[in-house]
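Student: One structure, as structure tokens, below. Some questions next.
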Amino acid sequence: MANLPPVLPSCVCLGPVGAGKTLLLKKLKGNEDIDITSTSVPTVGTNITTLQLTNEKEIVVREVGGAMAPLWNLYYKNITRIIYVVDASNLCQIAAAGVLLYTVLAEPQLKNAKVLLVLTKMDVSYRQMRNEALLMLQFARLKREISQSVTVMEASAITGEGLPAIKEWLAGVKPTPPVKKLMN
Ligand SMILES: Nc1nc2c(ncn2[C@@H]2O[C@H](COP(=O)(O)OP(=O)(O)O)[C@@H](O)[C@H]2O)c(=O)[nH]1
Ligand SMILES: [Mg+2]
């Protein structure tokens, strides 16, 4: 039987060690029966996951472990989408995550990539931490200095919050703008 040529990933999933990339991708793939204690082993090397999206579409995502950050740039070829995962409950890690994100987005090979910044672990974070997290990432400044457009989403791999929206983003579905609340 002829081997099919390997499909190259068009999406990379990056972020610090322990940010929640592996669990998020597993949940996006639909592995419901995850023993969460088994996912705390940091990813060594890279993991490739194929996600089924709407309309029979699928996308191949490569997770590159946070410990490999100095080598992330080996995996940028053919990449059109980046999921950058940050643990919103761990503000200590966030400033460093912002610096790393900046180096990723300054990479010429990725200048046309679409970027999704996922603030995950929202199940153990306060709502206000979204703003704290964006401040600590120096997000306003980052947005001014990079060419890519960045979408920010909140998620939890434990409750499933935000996962449908991430899949829609991967499928290229434009998010519906929030309905403006009428002032009373
Ligand atoms: N409470 C909570 N814990 C999470 C979530 N996502 C991941 N974790 C936990 O965070 C730890 C690191 O997750 P992992 O996916 O291995 O991180 P990675 O290094 O970025 O791949 C594990 O113990 C996970 O169970 C989440 O959304 N909420
Ligand atoms: Mg991992």
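Student: Can you confirm whether region 23-46 contains a residue that is within 13 Å of the chain's Cα centre (by Cα), modelled with pLDDT under 90 and under 27 Å from N131 (Cα atoms)?
Tutor: no
Student: Quickly run through region 122-146 and pick out the residues that are outside any helix (DSSP H, G or I) and farther than 17 Å from G66 by Cα.
Tutor: Result: S125, Y126, R127, Q128, Q138, I146.
Student: Condition first: more than 16 Å from ligand 1 (Cβ to nearest atom), under 12 Å from the mean Cα position of the chain (by Cα) and modelled with pLDDT of 85 or more. Can you find one or more residues in region 79-89 that meet it?
Tutor: yes
Student: Let me ask something additional. Restricting the search to region 62-111, which residues are acidic (D, E) and surrounded by fewer than 18 Cβ atoms within 10 Å (Cβ to Cβ)? It would help to see each step written out before you state the result.
Tutor: Filtering region 62-111 for residues acidic (D, E) gives 63, 87, 107.
If the condition is that a residue be acidic (D, E) and surrounded by fewer than 18 Cβ atoms within 10 Å (Cβ to Cβ), then E107 is the only one that fits.
Student: Still on this structure: Those residues that are in contact (Cβ under 8 Å) with a residue 12 or more places away in the chain and either in contact with a Lys or Arg (Cβ under 7 Å, 6 or more places away or on another chain) or in a helix (DSSP H, G or I) (or both), I need them from region 161-173; list them, please. Even if it seems obvious, please write down each step before you answer.
Tutor: Restricting attention to region 161-173, the residues satisfying the condition of being in contact (Cβ under 8 Å) with a residue 12 or more places away in the chain are 161-163, 165-171, 173.
Of everything in region 161-173, those that are in contact (Cβ under 8 Å) with a residue 12 or more places away in the chain and either in contact with a Lys or Arg (Cβ under 7 Å, 6 or more places away or on another chain) or in a helix (DSSP H, G or I) (or both) turn out to be L163, A165, I166, K167, E168, W169, L170, A171.
Student: Okay, next question. Report, by residue number, each residue of region 43-68 that is away from ligand 1 (no atom under 16 Å from the Cβ), in contact with a Lys or Arg (Cβ under 8 Å, 6 or more places away or on another chain) and assigned to a loop (DSSP other than H, G, I, E, B).
Tutor: Once the filter is applied, which keeps residues that are away from ligand 1 (no atom under 16 Å from the Cβ), in contact with a Lys or Arg (Cβ under 8 Å, 6 or more places away or on another chain) and assigned to a loop (DSSP other than H, G, I, E, B), region 43-68 yields L53, T54.
The values are calculated or read from the model by the stated rules, or taken from the named source; none is laboratory data. Predicted model, so just to flag it, every value in this text is computed and none were measured. So basically every Cβ, Gly included, is an ideal-geometry build from the backbone, and we count neighbours across all protein chains shown.
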